[in-house]
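A short worksheet on the structure shown next.
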Amino acid sequence: MSEFTQFLSRAALKARDDEHRLKIAKAVATYETAVTAMKANQFVDWQAARHLAATVKNHTLANLADLLEQFEVAFTARGGKVFWAATAAEASDYIFQLAQRRQAKKVVKSKSMTTEEIHLNEKLEAAGIEVRESDLGELIVQLAGEKPYHIVTPAMHKSKAEISRLFQEKLNAPPTENAEELTMVARRHLRRDYVTADIGITGANFIIADGGAIVMTENEGNGRLTMACPPVHVAVAGIEKVIPRLNDLSLFLPLLATSGTGQEISCYNSIVWGPRRSTEDDGPEEMHVILLDNGRSKLYQRPDLRQALRCIRCGACLNVCPVFRLIGGHAYNVVYQGPIGSVITPHYNGLLQYQHLSYASSLCGACSDVCPVHIDLHHLLLENRAEAVRQTRQNLLWRLGMQIYAWTMTNRSHLHFMRSLARLGQPFLFLLGKSRRKRLPRLAAKSFAELWKESVS
Amino acid sequence: MSNAREQILQNLRKGAAPASSQESQLLPAFNDAIIFRNYEPARQQPLQWFTEKIAALKGEFYLSQNETAAAKTLRELLVSSVSLQDENSSPKQSAARHRHPLLDRICAADEWLASNVQIIDGRPIASPDFAQFAVGITAVDFLVARTGSIILSAATAGGRRLSVLPPFHVAIATTDQLVISLDEAMATYQQRKEFNRSSYATIITGPSRTSDIEKILVLGAHGPKRLAVILVEESV
């Protein structure tokens, strides 16, 4: 079965799952209340702020090669190592070899979508290395044997009752449906792992070019523990994560927190300039930053799509997307779900295999409206559709249909002719197959234009 | 390895907008005053704003007139937190700090503190042993009025673990460290050489939290469950 067919069946299944719909509706409602209030309370002018952020990111992208080199020079000078990975495999191989060299038995990870992108857990686990996800949501999906449901809220689809059953089964936890008690189960479970892991692996929310640092945003503290305790720290960052100056954080951190969770600023924002210095009491002996391309520099070369690389992965476009809310994160079967994922995935994973994602949108534009860096997401989805059509030879029936459509819609008399044909043909539509969930409305006996003409005459 | 580097940079250079283009050249300068609605009230009453913010974040705030008063506050906090049991702490609760002029003076001002707060600088402590500490006491670099944040670096926190591994973090600050907003702190980090020697800084806004389960707020996910800030008004 093709990725497309599987997508359709997964989506159809979830779209009819009322329980799923309720869980997501509840989570999204909580999110939206917090975000709306925070935008109004914190920002003088939210629209101006996102415009400013987009301008900073445009400048960054226009100078991306230089800024990445600037980061590399400064970060290397402080004793950090920078590895450029053209592909996902190069990135995961590098970490795998590092783990072998360090004779690592256990790695602890904080939430990172780039490590999902390079299939790191599978690679390390196959070699017998224990991988501990430490973010609460990530831990939940790891224990359940699932992939993250949402780039910011990985366990958005799990109820307290489901998490309780999971913790009872996998962690021998006592039954409870109290969110605080469940959180404490995870806290206790992971406590030892931070201090016994051989390598700590994180993502990066920002790369600072001037001065050479990575920045990690979180609320739980698992990221800080991952960067503080193990003797090696590896950060996997997409090459588009750059911002030019440290000062830019004063805009981007509140922007990310507001759009991501409706917070003024996230609980912990850590800036890391390199491994432990000789004057410091602790911190990792080695620090590696992996600059991951994996399709980004190819996307970069498309002037019409480049703005997608402004993305700061706040997840806002997922939360507002009517398609995401209906079919859920797992239906996409990709690392980056929702509108931004549908824009970038075809370019990272193969346009022809993933072109159907460009159609997983009502083109309502809610995503573009909320994007804190002003990405015109729904128009980029249209670009992807056009691109896919240009690259594939559509089947004969489709091309014929499209030609008839073009003939009909570009001339009024053609349209009138087709309308009368449609009235004749409608009673026989059932021959094309019947859907129990979708019924087309009957064509009116007379169109508005016809009624108008009658009333005037 | 270098192949990938060259290839990526080449792709980016090939696709880059011309250097003369507007987007290549326009890197706007901005400051928090024009972006944030709450900048102005925070500027007018920084201490009051910080106090309200940290309370709203479920952090604790204590204003001490001088170092002797701060020592008393710290002692009371430590004594009352004996009941605070973390999963991996030994029953014998302990507080730890690093060497720092302000902390040295405060702990010297109180006999109980002098004998009960361990100084951990310069001794390599294995991470598992480190996890035994119930309270971590650190200095800070900045307090940020607008967001109610504290900012510390590996230099002023004695490393990275002390402010995150123990379940209770006590941060001791002086009034000259209070800034209005984040831009001021970031600009100082960027400019001052002594901060640049540190490998790590973290902006802390309230105790550790999560909403990963049904969007319900829970404090103390993996980091400290309790955060207390003691602000010394008149410091030497």
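The values are calculated or read from the model by the stated rules, or taken from the named source; none is laboratory data. The model shown is predicted, which means the values in this text are computed figures rather than measured ones. As a convention, Cβ positions derive from the backbone with ideal geometry for all residues, glycine included, and neighbour counts pool all protein chains shown.
Structure notes:
- Qualifying positions in segment A:65-103 - in contact with a strand residue (DSSP E or B) (Cβ under 8 Å, 6 or more places away or on another chain) and within 19 Å of A:L309 (Cα to Cα): A:L67, A:L68, A:F71, A:W84, A:A85, A:A88
- Residue within segment A:198-220 that is at the interface with chain B (Cβ under 7 Å from one of its Cβ atoms) and closer than 23 Å to A:E264 by Cβ present: yes
- Selection from segment A:100-126 of residues that are away from chain B (no Cβ under 14 Å) and surrounded by 17 or more Cβ atoms within 10 Å (Cβ to Cβ): A:A104, A:V107, A:S112, A:M113, A:T114, A:T115, A:E116, A:E117, A:L120, A:N121, A:K123, A:L124
- Long-range neighbours under 9 Å by Cβ, at least six apart or interchain, first residue in contact (Cβ under 8 Å) with a residue 12 or more places away in the chain and more than 12 Å from chain B (Cβ to nearest Cβ) within segment A:17-30, second charged (D, E, K, R) and assigned to a helix (DSSP H, G or I): A:H20/A:K14; A:R21/A:K14; A:R21/A:R325
- Top-ranked residue in segment B:5-53 [being within 21 Å of the chain's Cα centre (by Cα) and acidic (D, E); ranked as farthest from A:I290 (Cα to Cα)]: B:E52
- A:T176 meets each of the listed conditions (1) of a type in the set (S, T, Y); (2) touching a Gly at 6+ places or on another chain (Cβ under 6 Å); (3) within 26 Å of A:A29 (Cα to Cα) apart from (2).
A quick yes/no check of all residues on (1) at pLDDT 95 or above; (2) over 25 Å from B:D141 (Cβ atoms); (3) facing chain B (nearest Cβ under 7 Å):
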residue: A:P275; (1), (2), (3): yes, no, yes
residue: A:V289; (1), (2), (3): yes, no, no
residue: A:D293; (1), (2), (3): yes, yes, yes
residue: A:C311; (1), (2), (3): yes, yes, no
residue: A:A316; (1), (2), (3): yes, yes, no
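- Looking across segment B:175-200, just one residue is small (G, A, S), closer than 25 Å to B:S64 by Cβ and either within 7 Å of chain A (Cβ to nearest Cβ) or surrounded by fewer than 23 Cβ atoms within 10 Å (Cβ to Cβ) (or both), and that is B:S181.
- For segment A:173-188, residues that are of a type in the set (A, V, I, L, M, F, W, C) and more than 10 Å from every other protein chain (Cβ to nearest Cβ) total 2.
- Among the residues listed as A:L421, A:L415, A:L381, the single one being at pLDDT 85 or above and either closer than 16 Å to A:V323 by Cβ or under 39 Å from the mean Cα position of the chain (by Cα) (or both): A:L381
- Residues of segment A:317-354 classified as within 15 Å of A:L8 (Cβ to Cβ) and in contact with a Pro (Cβ under 6 Å, 6 or more places away or on another chain), total: 1
- From the list B:A17, B:A29, B:A55, B:A70, the lone residue that is under 26 Å from B:T147 (Cα atoms), within 13 Å of chain A (Cβ to nearest Cβ) and among the small types (G, A, S) is B:A29.
- Pairs with Cβ under 8 Å, 6+ apart, first in segment A:416-442 and closer than 30 Å to A:L13 by Cβ and of a type outside the set (D, E, K, R), second surrounded by 11 or more Cβ atoms within 10 Å (Cβ to Cβ) and modelled with pLDDT under 80: A:L440/A:L429
- Scan of segment A:224-234 for residues that are more than 7 Å from chain B (Cβ to nearest Cβ) and without any contact (Cβ under 8 Å) to a residue 60 or more places away in the chain, ordered by number: A:H233
- One residue alone among A:G401, A:G425, A:G365 is closer than 16 Å to A:S342 by Cα and surrounded by 10 or more Cβ atoms within 10 Å (Cβ to Cβ), and that residue is A:G365.
- Here B:L152 meets each of (1) under 26 Å from A:H233 (Cβ atoms); (2) part of a loop (DSSP other than H, G, I, E, B) with one exception, condition (2).
- When we screen B:A201, B:A173, B:A185 for residues that are at pLDDT 90 or above and in a helix (DSSP H, G or I), the only hit is B:A185.
- Helices (runs of 4 or more DSSP H) wholly inside segment A:299-414 that include at least 2 residues being touching a residue at least 24 places away in the same chain (Cβ under 8 Å): A:316-320, A:322-327, A:338-349, A:351-354, A:366-370, A:377-391
- Test result for A:R191, free of Cβ contacts under 8 Å to residues at least 24 places away in the same chain and within 25 Å of B:V164 (Cβ to Cβ): yes
- Checking A:K105, A:K109 one by one, the residue that is under 28 Å from A:I312 (Cβ atoms) and of a type in the set (K, R) is A:K109 and no other.
- Residue match in segment A:70-84 (condition: away from chain B (no Cβ under 13 Å) and within 25 Å of the chain's Cα centre (by Cα)): no
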